[in-house]
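What follows is a single structure, written as structure tokens, with notes after it.
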Amino acid sequence: YFLDKSDKYDSRDVERLQQDDKWVENYLIWRHDVVDDTLKMIDESFQWRKEYTVNDLSESVLPKWLFENGALFLHGYDKEGYKLFWFKVKHHTRDPKQQLDKKKLVAFWLEHYAKRDHGKPLTVVFDMAETGISHIDLDFVRFIVNCFTDYYPNFLTKIVIFEMPWIMNAAFKIVKGWLGPDAISMLKFTNKNDVQEYISGEYLPPHMGGTDSFKYSYPPLVDDDFQTPLCENGPITSEDEPESKEEIDADTKETGELNEAQNLNQKKMNSIEQISKSEETDKTEVKPKNAKKALTTFKGPLLHISPAEELYFGSKETGEKKCLIVLTNVTKNVVAFKVRTTAPEKYRVKPSNSSCEPGTSLDIIVSLHGGFAASLQDRFLIMAAEMDQSSGAGVPELTQFWKEVPRTKVMEHRLRCHVIESSKPSSLTLKDNAFNIPAKTNEDLHIQLSHLLQINKRLEEQMNRCLWFQQLSIVLSLLSVTVAAFCFYLASAQRS
């Protein structure tokens with residue numbers, strides 16, 4: 001394919017295919033590991049990507065009215081924590097002159113999200129309230145379907161269709177014919193009574209029976225969860241404000257115990273790392289589609305961030321309220337960072353706006369405030385940028401630095417929240433007064449294995465000592481028997 005059609009592909013896509021294993025894996029998963037079908041899909045999607053100049057799509061190259069229209073946007077999450085891609089069908093009208101721009105808008109949103117969230121799948125919502133025959137555009141619908149079936153592999157979780165008018169039943173019979181059996185099983189026809197089976201009320205507008213007060217407007221792009229004006233740095237109260245004596249005492253106690261636990265855990269992690277590497281080479285079983293490593297690290301150009309993808313919090317029942325984020329500066333300069341969240345009223349982040357010296361690691365503690373509980377929809381954004389050696393690292397200097405640093409020089413990494421119903425987290429989770437690594441997770445099994453290996457080593461040393469004493473005792477016994485036999489021999493010889 002590459003040799004025959006290289007001029008029909010964007011070289012950036014070819015380069016990414018050669019480097020991005022996850023992208024290749026998604027193509028294979030979507031085509032059930034049939035290599036020929038996977039190659040055909042890659043070929044078709046690459047040609048489409050070049051035709052639509054997908055890698056170069058931006059707000060500046062698309063008509064502004066497309067964004068202002070509000071027919072397509074990303075907002076909110078379903079009950080499984082997947083981003084919602086909204087199609088407000090009532091804002092769409094058929095117009096052949098605008099069709100190409102509208103299709104490019106779909107491609108813009110999909111590419112924008114795929115790059116931002118590393119290809120995490122989407123849930124598509126067709127809001128068909130207040131629609132009629134004038135809004136039916138089968139060519140546009142077919143393009144949307146093709147995006148998910150042919151161009152963006154393993155990118156769709158389900159399609160939620162809300163209040164489809166009876167007059168469109170015939171049209172959707174045609175649409176079903178375009179969908180493969182996998183995609184057809186993802187169709188969910190809903191109304192006001194059952195849509196909350198898939199999307200909770202907090203992300204549904206009132207006309208769908210929800211409580212979401214979100215009103216679409218542009219600019220900025222509405223999918224940017226981190227453009228909230230509230231408490232950018234996380235805590236519900238400013239870090240500069242004095243805390244109560246109880247909170248200070250609790251934090252002091254936690255810090256001391258945390259340092260002890262971290263020192264102990266660091267030793268465990270080093271041995272775990274070695275065990276994990278040897279285990280990985282020995283693994284022969286096939287990984288599940290959504291399998292994740294218990295402990296992972298995102299290796300960015302400025303910072304290595306652990307965990308890489310998810311922060312694990314407990315439910316109200318388990319009471320796990322704190323998580324640890326470890327940042328490691330891999331540059332030769334000071335790196336400024338700040339942490340933002342989609343739910344600033346819930347979380348306290350310490351430190352949330354600081355800097356990290358070259359070659360050092362820094363711990364960030366994320367804690368739930370008050371009686372709040374973590375949610376799958378909550379997100380954290382870590383922003384980082386290199387500072388000049390001459391720049392100071394105080395609060396005024398950092399504030400000025402973030403105002404002046406170019407967007408292109410800022411590294412961004414996002415973390416999701418994961419709520420653990422039982423006390424079985426598989427990430428770095430903190431209880432109120434200790435570094436908590438619960439049982440029955442991969443991480444815990446590694447730690448237990450490491451502990452067992454250490455115990456085994458000590459037992460082996462003790463056994464070696466016992467064997468040495470045993471051998472020494474045998475030698476001494478043999479020597480004693482020999483001496484006694486020799487004495488007996490001499491005594492017998494004298495008598496004779």
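The values are calculated or read from the model by the stated rules, or taken from the named source; none is laboratory data. Everything quoted here is computed from the prediction, not taken from an experiment. Cβ coordinates were reconstructed from backbone atoms using ideal geometry, including for glycine residues, and neighbour counts include every protein chain displayed. Ligands, DNA and RNA are excluded from the accessible area calculation, which covers all protein heavy atoms including side chains. Shrake-Rupley method; radii C 1.70, N 1.55, O 1.52, S 1.80 Å.
Quick notes
- Among the residues listed as Val54, Val106, the single one being modelled with pLDDT of 90 or more, under 28 Å from the mean Cα position of the chain (by Cα) and among the β-branched types (Val, Ile, Thr): Val106
- Test: residue in region 5-24 that is more than 23 Å from Arg142 (Cα to Cα), without any contact (Cβ under 8 Å) to a residue 24 or more places away in the chain and of a type in the set (A, V, I, L, M, F, W, C): yes
- Of the criteria (1) more than 20 Å from Ser217 (Cβ to Cβ); (2) in the same structural domain as Val145 (by the TED database); (3) open to solvent by 50 Å² or more (accessible area, probe 1.4 Å), which one Arg16 fails: (2)
- For beta carbons closer than 9 Å, sequence separation of 6+ or different chains, a first residue in region 287-310 that is within 17 Å of Pro121 (Cβ to Cβ) and a second that is among the polar types (S, T, N, Q) and at pLDDT 80 or above, the qualifying pairs are Lys289/Asn154.
- Residue, least open to solvent (accessible area, probe 1.4 Å), within region 77-94, restricted to residues that are part of a loop (DSSP other than H, G, I, E, B) and charged (D, E, K, R): Asp78
- Count - residues of region 186-208 that are at pLDDT below 85 and in a loop (DSSP other than H, G, I, E, B): 1
- Qualifying residue in region 139-148 (condition: charged (D, E, K, R) and either more than 24 Å from Asp378 (Cβ to Cβ) or touching a Cys at 6+ places or on another chain (Cβ under 7 Å) (or both)): yes
- Scanning region 33-45 for residues that are surrounded by 16 or more Cβ atoms within 10 Å (Cβ to Cβ) and either within 12 Å of Pro153 (Cα to Cα) or free of Cβ contacts under 8 Å to residues at least 12 places away in the same chain (or both) returns Thr38, Met41, Ile42, Ser45.
- The one condition from (1) open to solvent by less than 70 Å² (accessible area, probe 1.4 Å); (2) at pLDDT 85 or above; (3) among the β-branched types (Val, Ile, Thr) that Thr211 does not meet is (1).
- Criterion: in contact (Cβ under 8 Å) with a residue 24 or more places away in the chain and open to solvent by 20 Å² or more (accessible area, probe 1.4 Å) - qualifying residue of Val160, Val141, Val124: Val141
- Of all the residues in region 46-66, those that are in a helix (DSSP H, G or I), within 25 Å of Thr157 (Cα to Cα) and not polar (S, T, N, Q) number 4.
- Where a residue in region 370-393 is on the phi < 0 side of the Ramachandran plot and its partner, wherever it lies, is at pLDDT below 75, with Cβ under 6 Å and at least six apart: Ala373/Lys316; Arg379/Asp225; Leu381/Phe226
- From the list Val54, Val61, the lone residue that is under 25 Å from Asp10 (Cβ atoms) and open to solvent by 60 Å² or more (accessible area, probe 1.4 Å) is Val61.
- Filter pass, Thr360 being at pLDDT 80 or above, open to solvent by 40 Å² or more (accessible area, probe 1.4 Å) and more than 21 Å from the chain's Cα centre (by Cα): yes
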